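Chemist: Let me begin by handing over the structure; questions about it come next.
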There are 6 protein chains.
Amino acid sequence: MTRPSGRAADENRAVSIELGYARHAEGSALIRMGGTEVLCTASIEYRVPPFLRGKGQGWITAEYGMLPRATHARGNREAAKGRQSGRTHEIQRLIARALRAAVDLKALGEMTITLDCDVLNADGGTRCASITGAWVALAAALDKQQKAGKLKRSPLIAQIAAISCGLTAAGAVLDLDYIEDSSAQADANFVLTAEGGIVEIQGTAETAPFSETAFTELLRLARCGTAALFVAQRQALEGLS
Amino acid sequence: MTRPSGRAADENRAVSIELGYARHAEGSALIRMGGTEVLCTASIEYRVPPFLRGKGQGWITAEYGMLPRATHARGNREAAKGRQSGRTHEIQRLIARALRAAVDLKALGEMTITLDCDVLNADGGTRCASITGAWVALAAALDKQQKAGKLKRSPLIAQIAAISCGLTAAGAVLDLDYIEDSSAQADANFVLTAEGGIVEIQGTAETAPFSETAFTELLRLARCGTAALFVAQRQALEGLS
Amino acid sequence: MTRPSGRAADENRAVSIELGYARHAEGSALIRMGGTEVLCTASIEYRVPPFLRGKGQGWITAEYGMLPRATHARGNREAAKGRQSGRTHEIQRLIARALRAAVDLKALGEMTITLDCDVLNADGGTRCASITGAWVALAAALDKQQKAGKLKRSPLIAQIAAISCGLTAAGAVLDLDYIEDSSAQADANFVLTAEGGIVEIQGTAETAPFSETAFTELLRLARCGTAALFVAQRQALEGLS
Amino acid sequence: MTRPSGRAADENRAVSIELGYARHAEGSALIRMGGTEVLCTASIEYRVPPFLRGKGQGWITAEYGMLPRATHARGNREAAKGRQSGRTHEIQRLIARALRAAVDLKALGEMTITLDCDVLNADGGTRCASITGAWVALAAALDKQQKAGKLKRSPLIAQIAAISCGLTAAGAVLDLDYIEDSSAQADANFVLTAEGGIVEIQGTAETAPFSETAFTELLRLARCGTAALFVAQRQALEGLS
Amino acid sequence: MTRPSGRAADENRAVSIELGYARHAEGSALIRMGGTEVLCTASIEYRVPPFLRGKGQGWITAEYGMLPRATHARGNREAAKGRQSGRTHEIQRLIARALRAAVDLKALGEMTITLDCDVLNADGGTRCASITGAWVALAAALDKQQKAGKLKRSPLIAQIAAISCGLTAAGAVLDLDYIEDSSAQADANFVLTAEGGIVEIQGTAETAPFSETAFTELLRLARCGTAALFVAQRQALEGLS
Amino acid sequence: MTRPSGRAADENRAVSIELGYARHAEGSALIRMGGTEVLCTASIEYRVPPFLRGKGQGWITAEYGMLPRATHARGNREAAKGRQSGRTHEIQRLIARALRAAVDLKALGEMTITLDCDVLNADGGTRCASITGAWVALAAALDKQQKAGKLKRSPLIAQIAAISCGLTAAGAVLDLDYIEDSSAQADANFVLTAEGGIVEIQGTAETAPFSETAFTELLRLARCGTAALFVAQRQALEGLS
């Protein structure tokens, strides 16, 4: 059985990352993974949240949003409803945790970086695209701070990217699009470093529990998939120098 | 005294309108006016709000948002704050009123069209760009409904566009960018039809009251400015046929 | 065709302004325009909002509310719903902008004046009555500050009043009541100064676009209508000395 | 020791009740008790809340509000804060419970009456004035329904009024104003029927527990005080016939 | 006619108070009165709310909650609804007022004690059980502060407890359970001190007004009922020394 | 290096599960894992959320809360703040997903089961204890439905339990308490079935990325830990028959 898109099991969707799309942000990246498109910005403020005051370290936080018509049916605007959904909360906590793992917070100093990830078009994998794009926006913002003399050395300690994998009718496959995602038996999101370390794993059985063997295969696919993302991130950042 | 941008008093910023940017929406347009960029989508639902049920007519509503980092300093995300600002309310009510003037609501039938205008980059004039872009998204959505046989005839009764004008240190000028807008003595937003009718006028003294003569000059400039927008709207829609 | 009320096209409704209705406020005015009745208060605090701190100027803000049964059918109480409507936001922003145009904010010093306009009975034109009444409350509050030696000179730089006009079945008419307002082809609210300057214009096509000629006629009517309001404001303030 | 106002211990403040102040409401009363002034309206809807559907009875509910500048210092507008205070909740629950005791809910049929009590000026005793005024608004609304043939017989089964009493430096006193209320050792609100029945008692020690004897004296004072209120209510309703 | 539970008119339900159930709190008590079970905690912070800053006194506040399934039918979680009900507000204000009467706030110093009362199982009388249990949690927390040398002397000036009484088909009875409470003609909650003083009285007619005589009988029953509670409170605190 | 508690690396904390603690719920369990204590209830309603209407299947949802003083420092009550934290959203989504994996939703029919998990005392691992306890509450509620003839066969298709593991100064360890959790290099929560299937994996690097090898060791520990939990669950349910 083949995948709906005709892709091979270990084949990523086309990825492109456009640096600097948001002109006012200290760093920004518009990432496209197939039909999924997320605008990621990094904003810097020279203060930290109350629980970190006087501790001589910085902080990284994230917010995630989806334009109401990024999806097949229009979703209610969270600003109009007056509350963010549980899904939004879960995703933005994941993005922030993941990106904090890429940075030496002590080296940041008393600085807060907010990563905004707004989905313009959605076709599956928006949280993973957000993380991959946010890393580029973050790296660009830190580079700018360094060039402006506000940071002596780069606090960036890891290159990270994220990808989803899943067990579908076509077997274990890489980089699920919306159709695959909505009918998968299980799916997992992996946040990995370029050195091969694991930053975050979220695996969920949708229709039936899965085995350790299956899970190991998903992790292997994720390693393949992020390799391509690491290259795309580095290419996007070449525009900086 | 010349304008900060070097433009002539009656000179628009460059305008471009990209049709279909949001792939899932019934109609969409990404409008750029200089450094201002707004993604407008039209979403159709086959029901009407409670106050219109059984009255045999449709409805058009609008929502407006600005990505947190569309501006120089990051703004708080309204979804996270849990409420939309007064400014957001004021703008989305204006957009909806303006677009309702373009449509025969009886001819729509029991259908609600929601126009979402999300600002990706802001450099002044976002509410006017939203109206101009939303008209294109609306026209595209109605065209699609007609082609699908869901509407016998087009309920579109007017082509509308909007532009801001203001009294600045350089005199009465057209299409203010952010720098001009933030220091103008007075500014006014005009929503006009291609036939020359007035749909909405909002004129506000910022630092001193203005005269009827000055206001008449602003309206004259607005007629110039919208002429170019009407052309850009029609060109964008040529992609439909 | 005559107006529902039998008034001439350029005839205001009876206006009365009662000074000092709210005993605790620094300034207050209960304004009645026909069946519309609004209680306006001016409250003074010796601090400014964060964005103005240390800038040596004051601020004027406004809040608007309607008692639940000020209208034909009971409206939901906004405090109980937990959010103010878009209409409320739009109106209170208009009131605040208009009144700021009446005051030299530098001369105020670090002082915030909040204008509360609460509609007790509604019969059209509540936002205009709010502005006209709020100016009286504001003038009374400033007079009190001056007499108490807290202001060396009056920061009041203009007398302002507001009135609505509209295109109805009876032609262009002045000071619309609810019946006229709900069936007008177009209506416009004008905030003018006693010297004839324009502070704010809000013109909206309800059922069809209108022409520049029609708009000019509405402005002419507004000048007639505000003349009577300026007199009523000054008479109300005579009670101060 | 005399009372700040010079009143005798068992002396009410002047009371006046103006019927029909809110022109659109089915019933309304503007009640003044000394410097306290509350606009009470009764609004009728021909439906009941979900928990009463199909039970063949009606419902009475209440909402309470205070205009921001009814008091010495401006209070935040609850609609702007987005939530009603605990005090507001407590008071509006009391008003509703009290008024339900005045009505045969079965005889009402499937009808909801909402009593809105909005304080225009506050000088102590606003919850009691609200109850006394709301009874007049309610009686007027029911009379109107009866005259319109929508109720065969009056569902009004009791005349109720409310008054506060307290233990102050001047001893046990009736109808506390703000100064007395804010320094009382204990105060109590009594809702009584014209036949002498007790509908609600709320007694609270503010600075020290009180004795049963003292409480009995407060109840005696309340009986004196409500006698005058029952007369004022009946006089106000004479305007109906 | 006998009570549904078979208890005598002046018979309390079995009461037990377990000290220290919440391990992290400065003081805590799990109180059971028949089928009603409330976990009460006292939390200490060395600061006071803004309105008390610099006044050299402390503050006591309370919050009340009910687990969603403490009752027969699951209630909506207030945290999920985003607002506390009027009932919750009313009860937590009562708890706080009652407990403040037990403490010399001057002797507390700049300290805030928050009493959290969370109902695990409900069978009538939850607000009274909350007050009785909160007093034990409060006493334990104060004892701990004294032993730690943070208070020179105990600021506790009274022992207080609360109980409900009502007029039911079985006459005037003590300590209503849910069945009695939901069908009582009238009920009253009494907060009393061990010395016999009255701290708070809340009497409400549910189906018909009641007489002074009946009320006096309810107060007599309350004195019986609280006697047993005062013993249980003291026994629970014996575990402290 | 030994663990702070002195436990062996693969040693669980003492677990106890008390069935039926919440008397009104269809099913309930009070679970204690060391110093962590969670009251879990299962509530049944015979309707489904809108998105499932008419699809002939049931639904399982979950809500999570923590009593304000379940922790070392009092946390703000979410009901009082008016919004649930991102952490709360993330946890309750996890609980619901996990438990849905234990049930054949088709076999449930049009029934919604809400699992409330309220933390009474917290010492790490509250989300895992919630899942393990909720499974018992769920099983009890389904058993009751079956005995009442409302379900022909049990829709329970798996026994599930959850446990946390982490990389600490003492190496890879099982069932982290608060002290271990707050200083772990990485931690992971595992939801497993008694048959050995994986329902959910959430692994997070806190201070440094971890390796696949380390992760595999954490999974091995989780299998040990859940074995004891499956026994405790079955013992608790023996009380049913």
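The values are calculated or read from the model by the stated rules, or taken from the named source; none is laboratory data. It should be emphasised that the depicted structure is a prediction, and the values quoted were computed from it without experimental measurement. All Cβ positions, glycine included, derive from the backbone under ideal geometry; neighbour counts span all protein chains shown.
Chemist: Considering each of E:Leu19, E:Leu30 in turn, give the residue that is farther than 21 Å from E:Ala170 by Cβ, more than 14 Å from chain F (Cβ to nearest Cβ) and modelled with pLDDT of 95 or more.
Modeler: E:Leu19
Chemist: Let me ask another. Please work out if B:Ile157 is of a type in the set (A, V, I, L, M), closer than 30 Å to B:Leu142 by Cα and buried (at least 21 other Cβ atoms within 10 Å of the Cβ).
Modeler: No: the conditions fail for B:Ile157.
Chemist: What number of residues within the stretch B:155-212 satisfy the criterion of being at pLDDT 95 or above, of a type in the set (S, T, N, Q) and closer than 22 Å to B:Ile31 by Cβ?
Modeler: Residues flagged as at pLDDT 95 or above, of a type in the set (S, T, N, Q) and closer than 22 Å to B:Ile31 by Cβ within the stretch B:155-212 amount to 5.
Chemist: I would also like to ask the following. Within the group F:Ala73, F:Ala79, which residue is over 20 Å from the mean Cα position of the chain (by Cα), hydrophobic (A, V, I, L, M, F, W, C) and under 22 Å from F:Leu176 (Cα atoms)? Even if it seems obvious, please write down each step before you answer.
Modeler: Values: F:Ala79 fails: under 22 Å from F:Leu176 (Cα atoms).
Going through F:Ala73, F:Ala79 in turn, just one is over 20 Å from the mean Cα position of the chain (by Cα), hydrophobic (A, V, I, L, M, F, W, C) and under 22 Å from F:Leu176 (Cα atoms): F:Ala73.
Chemist: Let me ask you something else. Of the residues that sit in the stretch D:174-201 and are under 15 Å from D:Thr126 (Cβ atoms) and of a type in the set (A, V, I, L, M), which one is surrounded by the fewest Cβ atoms within 10 Å (Cβ to Cβ)?
Modeler: D:Ile179
Chemist: Across the stretch E:187-210, which residue is nearest to D:Phe210 (Cα to Cα) among those that are of a type in the set (Gly, Ala, Ser) and at the interface with another protein chain (Cβ under 7 Å from one of its Cβ atoms)?
Modeler: Among those residues, the one meeting the criterion is E:Gly197.
Chemist: Identify all residues within the stretch C:200-241 that are more than 24 Å from C:Ala96 (Cβ to Cβ) and among the hydroxyl-bearing types (Ser, Thr, Tyr); write none if there are none.
Modeler: C:Thr207, C:Ser211, C:Thr213, C:Thr216, C:Ser241
Chemist: Suppose we keep only residues that are in a strand (DSSP E or B) and small (Gly, Ala, Ser) within the stretch F:12-36. Which one would you say is surrounded by the fewest Cβ atoms within 10 Å (Cβ to Cβ)? Lay out the reasoning, then the answer.
Modeler: Let us first name the residues in the stretch F:12-36 that are in a strand (DSSP E or B), namely F:15-19, F:27-33, F:36.
If we keep only those that are small (Gly, Ala, Ser) too, we end up with F:16, F:27-29.
Details: F:Ser16: 12, F:Gly27: 28, F:Ser28: 26, F:Ala29: 29.
Taking the candidates together, the pick is F:Ser16.
Chemist: Within 14 Å of chain A (Cβ to nearest Cβ) and touching a Leu at 6+ places or on another chain (Cβ under 6 Å), is that true of B:Ala62?
Modeler: yes
Chemist: Just give me the residues in the stretch A:191-219 being closer than 20 Å to A:Ala158 by Cα and of a type in the set (D, E, K, R), in sequence order.
Modeler: Within the stretch A:191-219, A:Glu195, A:Glu200 meet the criteria.
Conditions (1) within 12 Å of chain F (Cβ to nearest Cβ); (2) aliphatic (A, V, I, L, M); (3) buried (at least 24 other Cβ atoms within 10 Å of the Cβ), marked per residue:
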| residue | (1), (2), (3) |
| --- | --- |
| E:Gly75 | yes, no, no |
| E:Ala80 | yes, yes, no |
| E:Ser85 | yes, no, no |
| E:Thr88 | yes, no, no |
| E:Leu105 | no, yes, no |
| E:Cys128 | no, no, yes |
| E:Ile131 | no, yes, yes |
| E:Asp143 | no, no, no |
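Chemist: Does E:Thr213 count as free of Cβ contacts under 8 Å to residues at least 12 places away in the same chain and either at positive phi or within 14 Å of chain D (Cβ to nearest Cβ) (or both)?
Modeler: In short, yes.
Chemist: Could you say whether any residue in the stretch B:171-184 is of a type outside the set (S, T, N, Q), touching a Ser or Thr at 6+ places or on another chain (Cβ under 6 Å) and without any contact (Cβ under 8 Å) to a residue 24 or more places away in the chain?
Modeler: Scanning the stretch B:171-184, I find at least one residue that is of a type outside the set (S, T, N, Q), touching a Ser or Thr at 6+ places or on another chain (Cβ under 6 Å) and without any contact (Cβ under 8 Å) to a residue 24 or more places away in the chain, so the answer is yes.
Chemist: Quick one: which helices (runs of 4 or more DSSP H) sit completely within the stretch D:80-177 and have at least 2 residues that are charged (D, E, K, R)?
Modeler: Working: elements: D:86-100, D:105-108, D:126-147.
Hits in the stretch D:80-177: D:86-100, D:126-147.
Chemist: Okay, moving on. Could you check F:Lys144 against (1) among the charged types (D, E, K, R); (2) closer than 30 Å to D:Gly82 by Cβ; (3) modelled with pLDDT of 95 or more and say which number it fails?
Modeler: Among (1) among the charged types (D, E, K, R); (2) closer than 30 Å to D:Gly82 by Cβ; (3) modelled with pLDDT of 95 or more, F:Lys144 violates only (2).
Chemist: While we're looking at this one, here's another question. Can we say D:Ser154 is within 30 Å of E:Leu156 (Cα to Cα) and polar (S, T, N, Q)?
Modeler: When the stated conditions are applied, D:Ser154 does not pass them.
Chemist: A further question follows. Mind checking which residues of the stretch D:183-199 are out of contact with any helix residue (DSSP H, G or I) (no Cβ under 7 Å at 6 or more places or on another chain) and closer than 16 Å to E:Ala101 by Cα?
Modeler: If the condition is that a residue be out of contact with any helix residue (DSSP H, G or I) (no Cβ under 7 Å at 6 or more places or on another chain) and closer than 16 Å to E:Ala101 by Cα, then D:Ser183, D:Ala184, D:Gln185, D:Ala186 are the ones that fit.
Chemist: F:Ala42: among the hydrophobic types (A, V, I, L, M, F, W, C), crowded, with 24+ Cβ neighbours inside 10 Å and within 8 Å of another protein chain (Cβ to nearest Cβ), yes or no?
Modeler: Against the criterion (among the hydrophobic types (A, V, I, L, M, F, W, C), crowded, with 24+ Cβ neighbours inside 10 Å and within 8 Å of another protein chain (Cβ to nearest Cβ)), F:Ala42 does not qualify.
Chemist: Name every residue in the stretch E:178-216 that is closer than 24 Å to E:Gly6 by Cβ, in a helix (DSSP H, G or I) and not β-branched (Val, Ile, Thr), in order of residue number.
Modeler: E:Tyr178, E:Glu180, E:Asp181, E:Ser182, E:Ser183, E:Ala214
Chemist: Which of the residues spanning the stretch D:37-66 are in a loop (DSSP other than H, G, I, E, B) and under 21 Å from C:Ala73 (Cα atoms)?
Modeler: Those that are in a loop (DSSP other than H, G, I, E, B) and under 21 Å from C:Ala73 (Cα atoms): D:Tyr46, D:Arg47, D:Val48, D:Pro49, D:Gly58.
Chemist: Here is a list: F:Tyr64, F:Tyr21. Which entry is aromatic (Phe, Trp, Tyr), touching a strand residue (DSSP E or B) at 6+ places or on another chain (Cβ under 9 Å) and in contact (Cβ under 8 Å) with a residue 60 or more places away in the chain? Break it down into steps so the answer makes sense when it comes.
Modeler: Values: F:Tyr21 fails: in contact (Cβ under 8 Å) with a residue 60 or more places away in the chain.
The conditions single out F:Tyr64.
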